[in-house]
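Please read the structure below before turning to the comments.
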Amino acid sequence: MSTSVRPQAGLAAVLAAMFVPTVAAGQQYGQEAIRSFQAGVEAYDRGDLDAAIRFFRESYEVHRGHPIALYNIGECYERLGDVELAVEHFERYVASEQVEERDQVYERIRNLRSRRAVFTLRSTPPGATVTVWDEAGNRLSEFPDILTPGEVHLPPGTFVLRFDMAGMGARSQVVEGGVGRRVTLDVAMSEPVAPPDVTAPGEWSVGPLHFGAYGGLAAHLNGAAEVFAASGFGVFGGYVLGEGEWRFQIGGDLSFLPYGIDAGDRHFSSFVSISAVPGVRWALGDSLHLTGSLAAGLSLYVPPGNREVVVPWVGHKVDGIMSLLHFRPAVAVEWFPLDWLAIWVSPLALDLDVALRSQVATQILVRYAAFAGVTFHL
């Protein structure tokens, strides 16, 4: 009776030959293990690989036979074309304590793992173009475009197969190459390209990063009897946090506000302010939002070029730039004609500049401001 599971006297034959005398002598293994093993060899010799796998597994796992049965199971799976299961059983064999010719088995495992996987690519309808990408999103130019139905051979590694067809949505499949796998991928291309997300009532779908510019008018409410109406402008940016109907936002603002003094003739000075602007946003609908914010920062007052002019709110001449604390509570209404573009108006904003000097006529300078602007959302 043959003890080898291969037609030629190779590694399996040597290992099997070592096993059978041992078990025959009753030194280590029971008769059930021996009979199952020999039944596996006979099934292998007559080409019944499924039965051979069953007998070898019974010998090792049920009757606690020699680990050579694992190697022979791997031989069967390799002949059946299932290289992954063949490698799995070869590795289990070399991990056992009774392995022989370990280096040769390792070499065989390496050779099997290096085999390219064969992917049969199909699509419904046919005619999709398939391209190969890596996990980082880079197109792999060494693999040409494949038109379904077709095949691609992939070495060991992780790949992304992208199916594209005009008028259809792109489909992607993550696959593992190597180990001689044979896989059929059949991808349905009948679904159209997904439409843009539609914002449900009470939800906000535009991007969280925003920036923009604004301009408007300001009227001084105290300490400015000799000041004529002024206009200002500014730029801003920020980020929206959270999801749902209510959102919190944080940003920054840089504004410039001329301050005209009428002292017989007109003289111009200005406030330049930089602020952090926390706020809250409430989505009233799909495209209309209400925001409330409180800017807080530093304001610099640049006096007139003619330093002989008395500044009304200071009460005397100013010979250099003054520093003030700056606050601006504001409410704004924002309208989105596009997801990425908003037009807004702020009918109610107060500029509060608190002088850091003690020798001033008005410690807190108050202005009412009305602004309008545009915001870009990304």
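The values are calculated or read from the model by the stated rules, or taken from the named source; none is laboratory data. This one's a predicted model, so the numbers in the text were calculated from it and none came from an experiment. Don't worry about glycine lacking a Cβ; one is built from the backbone with ideal geometry, like all the others, and counts go over all protein chains shown. Just so you know, the surface numbers come from the protein's heavy atoms only, side chains and all, with ligands and any DNA or RNA stripped out. Shrake-Rupley method; radii C 1.70, N 1.55, O 1.52, S 1.80 Å.
Screening residue 325 on (1) at pLDDT 80 or above; (2) within 23 Å of residue 354 (Cβ to Cβ); (3) assigned to a loop (DSSP other than H, G, I, E, B); (4) in contact with a strand residue (DSSP E or B) (Cβ under 8 Å, 6 or more places away or on another chain) shows it passes everything except condition (3). As a summary of the residue check, residue 321 satisfies the conditions (1) touching a residue at least 24 places away in the same chain (Cβ under 8 Å); (2) more than 30 Å from residue 209 (Cβ to Cβ); (3) not polar (S, T, N, Q) except for the one numbered (1).
Can you tell me how many residues in segment 170-193 are part of a loop (DSSP other than H, G, I, E, B) and either open to solvent by 70 Å² or more (accessible area, probe 1.4 Å) or not charged (D, E, K, R) (or both)?
As a first pass, look at segment 170-193 and keep what is part of a loop (DSSP other than H, G, I, E, B): 170, 178-181, 189-193.
Applying the additional criterion that residues be either open to solvent by 70 Å² or more (accessible area, probe 1.4 Å) or not charged (D, E, K, R) (or both) yields 170, 178-180, 189-193.
Result for segment 170-193: 9.
If you filter segment 61-84 down to residues that are free of Cβ contacts under 8 Å to residues at least 24 places away in the same chain and surrounded by 17 or more Cβ atoms within 10 Å (Cβ to Cβ), you find that the one that is nearest to residue 43 (Cα to Cα) is 73.
Do the conditions hold for residue 310, that is, is it at pLDDT 80 or above and either surrounded by fewer than 18 Cβ atoms within 10 Å (Cβ to Cβ) or of a type in the set (Asp, Glu) (or both)? Show your work before the answer.
Values: at pLDDT 80 or above: yes; either surrounded by fewer than 18 Cβ atoms within 10 Å (Cβ to Cβ) or of a type in the set (Asp, Glu) (or both): yes.
Spelling it out, residue 310 is indeed at pLDDT 80 or above and either surrounded by fewer than 18 Cβ atoms within 10 Å (Cβ to Cβ) or of a type in the set (Asp, Glu) (or both).
In the set (1) hydroxyl-bearing (Ser, Thr, Tyr); (2) open to solvent by 10 Å² or more (accessible area, probe 1.4 Å); (3) assigned to a helix (DSSP H, G or I), the condition left unmet by residue 93 is number (2).
Kindly evaluate residue 117 against the criterion of being buried (at least 18 other Cβ atoms within 10 Å of the Cβ), modelled with pLDDT under 85 and under 30 Å from residue 132 (Cβ atoms).
Numbers: buried (at least 18 other Cβ atoms within 10 Å of the Cβ): yes; modelled with pLDDT under 85: yes; under 30 Å from residue 132 (Cβ atoms): yes.
When the stated conditions are applied, residue 117 passes them.
Scanning segment 233-248 for residues that are open to solvent by less than 40 Å² (accessible area, probe 1.4 Å) and over 24 Å from residue 271 (Cβ atoms) yields 240, 244, 247.
With respect to (1) in a strand (DSSP E or B); (2) without any contact (Cβ under 8 Å) to a residue 24 or more places away in the chain, the lone exception for residue 307 is condition (1).
Evaluation of residue 282 against the conditions (1) under 35 Å from the mean Cα position of the chain (by Cα); (2) surrounded by 15 or more Cβ atoms within 10 Å (Cβ to Cβ); (3) aromatic (Phe, Trp, Tyr) shows that the sole unmet condition is (2). Does residue 167 satisfy the condition of being modelled with pLDDT of 80 or more and within 25 Å of residue 370 (Cβ to Cβ)? In short, no. Tallying residues that are of a type outside the set (Ser, Thr, Tyr), open to solvent by less than 40 Å² (accessible area, probe 1.4 Å), in a loop (DSSP other than H, G, I, E, B) and within 12 Å of residue 187 (Cβ to Cβ) within segment 128-169 yields 3.
Against the test of being loosely packed, with under 15 Cβ neighbours inside 10 Å and touching an Asp or Glu at 6+ places or on another chain (Cβ under 8 Å), the options 290, 324 yield a single qualifying residue, 290. Residues in segment 327-366 that are hydroxyl-bearing (Ser, Thr, Tyr) and open to solvent by less than 80 Å² (accessible area, probe 1.4 Å): 346, 362. If you go through segment 97-108 and pick out every residue that is modelled with pLDDT of 85 or more and open to solvent by less than 70 Å² (accessible area, probe 1.4 Å), you end up with 2.
Could you say whether any residue in segment 34-46 is open to solvent by less than 10 Å² (accessible area, probe 1.4 Å), out of contact with any Pro (no Cβ under 6 Å at 6 or more places or on another chain), part of a loop (DSSP other than H, G, I, E, B) and over 24 Å from residue 118 (Cβ atoms)? Checked against the condition, which is being open to solvent by less than 10 Å² (accessible area, probe 1.4 Å), out of contact with any Pro (no Cβ under 6 Å at 6 or more places or on another chain), part of a loop (DSSP other than H, G, I, E, B) and over 24 Å from residue 118 (Cβ atoms), segment 34-46 yields no hits at all. The residue that is farthest from the chain's Cα centre (by Cα), among those in segment 252-268 that are closer than 21 Å to residue 370 by Cβ and buried (at least 20 other Cβ atoms within 10 Å of the Cβ), is 259.
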